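A short worksheet on the structure shown next.
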Amino acid sequence: MTGHPGPLPQIDRPDAGLVLISRWYVGTPDQQRAVLDHSLGRWDQLPWPDGLLSVNGYTSTDGDTVMTYAQWTSDKAFRLFDQARPAIDGPVTEACPG
């Protein structure tokens, strides 16, 4: 997988109590880049929830998959965020249907 411009995550950071890896099958290189750009772009536009430490995105070399790697302080912090997730996922789904 290739990376979105930016620093790599520090995978051994002591304050990360939870890591979430998400994988989306998007079908084409154009869709792949659009999904990643919109997803990571939303994090640039919104205040980060308490407990979110980092978010990184990657594209596969075959052009059909996007992966995100997010670090959270705890499972509890993620669950509180998860209740408001449509603020992130909704615009990505609208911009990249299917």
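FYI, it's all coordinate maths here, none of it is from the lab. Nothing here was measured: the structure is a model prediction, and the numbers come from that model. Note that we place each Cβ from the backbone using ideal geometry, even for glycine, and neighbour counts take in every protein chain shown.
So if we plug the beta-carbon distance of Gln45 and Gln83 into 1/(1 + (r/R0)^6) with R0 = 22 Å, what FRET efficiency do we get, rounded to 0.05? It would help to have the intermediate numbers written out before the result.
Values: r = 19 Å, r/R0 = 0.87.
After rounding, the FRET efficiency stands at 0.70.
Quick query: amide H of Asp64 versus all other amide H atoms, modeled in the peptide plane; which residues come in under 5 Å with a sequence gap of 5 or more or a different chain?
none
Compare the Cα positions of Thr61, Gly17, Ala34 along the charge dipole of segment 1-82 (+1 at Cβ of Lys, Arg; -1 at Cβ of Asp, Glu; about the Cα centre) and return the one farthest towards the positive end.
Gly17
Looking at the square roots a ≥ b ≥ c of the eigenvalues of the Cα gyration tensor of segment 1-63, which shape do they give, rounded for a/c under 1.5, prolate if a/b is larger than b/c, or oblate?
On the way: a/c = 2.27, a/b = 1.59, b/c = 1.43.
Since a/c reaches 1.5 and a/b is larger than b/c, the shape of segment 1-63 is classed as prolate.
Within 10 Å of each residue's Cβ, count the other Cβ atoms and sort Leu36, Leu80 from fewest upward.
Working: Leu36 23, Leu80 14.
Listing Leu36, Leu80 from fewest to most nearby Cβ atoms yields Leu80, Leu36.
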